[in-house]
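Engineer: Dropping a structure here in structure tokens format, bear with me for questions.
Only the coordinates and a few stated rules stand behind these numbers; no lab work does. Just so it is clear, the structure is predicted and the values come from calculations on it, not from any experiment. Positions of Cβ are generated from backbone atoms using ideal geometry, with glycine treated the same way; all protein chains shown enter the neighbour counts.
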Amino acid sequence: MGHWVTIFPGSTFCRCQGLLLPFRMRRSTPWAGERMAEYKVKFEVFEGPLDLLLYLIKKEEVDIYDVNLTQLATQFIEYIEVMRMLDLEIAGEFLVMASSLMYIKSRELLPVDQQVVAEGEDEGEDPRWELIRQLVEYKKFKDAAAQLQTLEQRQDEIYPRRPIKPDFGADAGEPKAQASLFDLINAVNSILKRLNQREDLRDIFEDKWTVSEKIEYILGEIGKGASLKFSALFASATSRSEVVVTFLAMLELIRLRQLVAVQDSAFGEIELSPAPVTTTSPPGVNPGEAYAAAVVQAAVETAPAPTPSRPDVSPDTPPPDEGLSGAAHHPAAESNPAVN
Amino acid sequence: MELKFILESILFSAQRPLSPKDLRDVLAGAPEHSEDAAVRALKKTPVDNIAVALEELAREHEQAQRSYRLVCVAGSWQFVTQPEFAPWVKALVGHKSRPPRLSQPALETLAIVAYRQPITRAEIEQVRGVAVDGVMATLLERGLVEQVGRAEVIGRPITYGTTVAFLEYFGIRSLDDLPAADELRRIVVQKPESLLTVDPGLATTPPEQLTLTAAPSEGAAAEGPASGRSEPPETNRLVSDAD
């Protein structure tokens with residue numbers, strides 16, 4: 001805060017250096033013979049007359065209550081003089097404060113018994129006391145402001161724990177009912193009905209669509225969004241055979257557990273979405289291969305893991321390395337004879 | 001299961017700070033998801049009990065001296081990291097996007113509003129000794145203060161108070177938790193016995209008429225609040241000089 005004022009050496013400013021004022025002098029250009037060098041002066045701008053008074057008091061290193069107001073008045077007015085000299089705009093509040101300080105000072109010139117007793121109660125009207133009270137109050141709020149500033153800075157360093165909502169997958173809410181095969185057939189029937197009316201049976205077309213193409217198409221579609229409406233899947237279908245091919249592709253994907261068909265409510269719109277545990281197969285893979293991969297995986301998942309339960313292993317011949325633990329092994333083995 | 005730990009788990013997974021009322025609502029809604037008797041038992045936990053449990057929890061976290069603690073800002077509770085770990089947290093989540101720091105005049109004005117609300121603009125100016133129009137505009141714009149009513153005096157001037165955003169900005173629990181709140185709320189400034197305002201030689205310097213009535217003026221100096229009592233050596237010196 002503050003602003004820069006350019007002044008010249010030799011001007012009345014030199015006199016100001018003796019003042020208890022927050023000046024910082026810096027020569028901006030080197031001293032050049034007879035040329036007048038410019039000086040830059042950092043001139044602190046106070047928030048107001050009270051701020052300046054507090055600064056002056058602090059400079060004196062005295063308690064506000066013990067401050068010498070006449071001396072303070074002198075310094076204050078000197079400061080205003082400097083401001084005027086530097087051609088700074090002097091805020092009205094400074095002048096008001098200067099005048100009340102002058103009043104206090106002039107009052108002090110008179111002996112106590114000859115001082116004007118202000119009308120009404122003289123105790124509360126003592127201008128010195130009024131000023132000190134104001135200074136003390138302002139000082140307290142200035143301190144409070146400093147504390148707020150500390151809090152402000154501290155708050156910059158404090159990070160709240162803000163967890164994101166845990167992602168429980170697409171159907172995080174209530175698991176939707178799986179659409180049955182008949183639901184799917186009903187749905188595709190209604191779409192076929194729409195196309196039936198437009199079908200021209202006299203012409204024969206070559207088969208333009210293949211199931212594997214449509215599988216790619218569907219995988220591409222559900223790859224983009226979370227779910228796909230059943231009707232949207234067939235929206236672009238132009239012929240009965242295309243609907244049939246797409247439907248077959250969809251069934252194939254459901255069978256491969258790439259896709260799930262769910263229905264919100266009875267007779268509701270059927271939605272297709274990626275299966276929760278997707279066996280990621282790159283698009284364009286041969287459906288047969290994908291199928292084989294899925295089968296293999298399913299086999300791995302559902303295969304009965306422990307060897308003793310396999311019927312071809314005799315319960316009487318524990319593995320040779322089991323030695324001592326063989327006895328513990330027997331109960332498990334003995335539970336199998338039903339298989340043999 | 002203790003209530004405070006249940007509250008802790010809720011706050012731990014909460015996506016926003018929760019007030020004791022919010023927590024009560026969570027407790028009240030829990031039986032919908034569980035048939036557990038313990039859950040049912042806490043269904044009608046009073047807000048006061050929740051507040052007490054939260055205080056205890058916060059105290060425990062404070063004592064455990066962990067890198068995070070449970071704080072209450074503007075009446076809502078949340079977990080926050082301790083400021084000294086900011087460099088590392090910053091490296092992870094980046095700098096907080098906070099508006100630029102408040103200027104000195106803004107902070108002073110804000111402090112006056114915070115401690116003295118509801119307060120009129122004229123009253124603020126009286127304390128600060130300068131006009132506050134520009135500063136108030138900034139504070140209003142940033143949503144830290146707001147109009148709270150009108151003073152029932154001539155002209156019915158607008159009164160101002162701080163907002164919830166103010167508490168959040170400074171991380172303060174409530175207005176009662178402002179630093180040194182009770183002291184600053186109503187400043188009682190003790191008037192000292194005497195005011196030391198005089199320059200030596202000023203006011204006590206006896207003009208012509210003073211020397212004529214030396215005795216009464218001495219008495220007045222002794223009683224007067226201004227000079228005499230606190231500077232007896234000075235007065236003595238001056239009197240002897242006059243002699």
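Engineer: For the range B:6-93, what does the relative contact order come out to in percent, with C-alpha contacts under 8 Å and a separation of six or more?
Structural biologist: 29
Engineer: Still on this structure, I have one more. If I take R0 = 25 Å and measure r between the Cβ atoms of A:Ser180 and B:Asp36 in this structure, what FRET efficiency does the formula 1/(1 + (r/R0)^6) give, to the nearest 0.05?
Structural biologist: Once the sixth-power term is evaluated, E becomes 0.10.
Engineer: Once you put a point 7 Å from the Cα of B:Lys21 and another 7 Å from the Cα of A:Lys229, both along the Cβ direction, what distance in nm separates them?
Structural biologist: About 4.0 nm, to one decimal.
Engineer: Follow-up. Tell me the relative contact order for the range B:104-185 as a rounded percent, counting alpha carbon contacts under 8 Å between residues six or more apart.
Structural biologist: 32
Engineer: Another question, then. Considering the dipole of the range B:3-93 built from charges on the beta carbon (Lys and Arg +1, Asp and Glu -1) around the Cα centre, which of B:Ala41, B:Val89, B:Val71 is farthest to its positive end?
Structural biologist: B:Val89
Engineer: Would you tell me the mean number of C-beta atoms belonging to other protein chains that fall within 10 Å of each C-beta in A:127-137, as a whole number?
Structural biologist: Neighbouring Cβ atoms belonging to other protein chains average 4 per residue here.
Engineer: Which order do B:Val93, B:Val148, B:Val127 fall in if you start with the one that has the fewest other Cβ atoms within 10 Å?
Structural biologist: Lowest to highest Cβ neighbour count: B:Val93, B:Val148, B:Val127.
Engineer: Taking beta carbons within 10 Å but only from partner chains, what does the mean come to for residues B:105-116?
Structural biologist: If you average over the peptide's residues, the count of other-chain Cβ atoms is 5.
Engineer: First measure r as the distance between the Cβ atoms of B:Glu55 and A:Arg161, then evaluate 1/(1 + (r/R0)^6) with R0 = 22 Å and state the FRET efficiency to the nearest 0.05.
Structural biologist: The pair B:Glu55/A:Arg161 has a calculated efficiency of 0.70.
Engineer: While we're looking at this one, here's another question. Using the count of nearby Cβ atoms within 10 Å as a rough guide to exposure, how do A:Arg128, B:Arg156 rank from fewest to most?
Structural biologist: B:Arg156, A:Arg128
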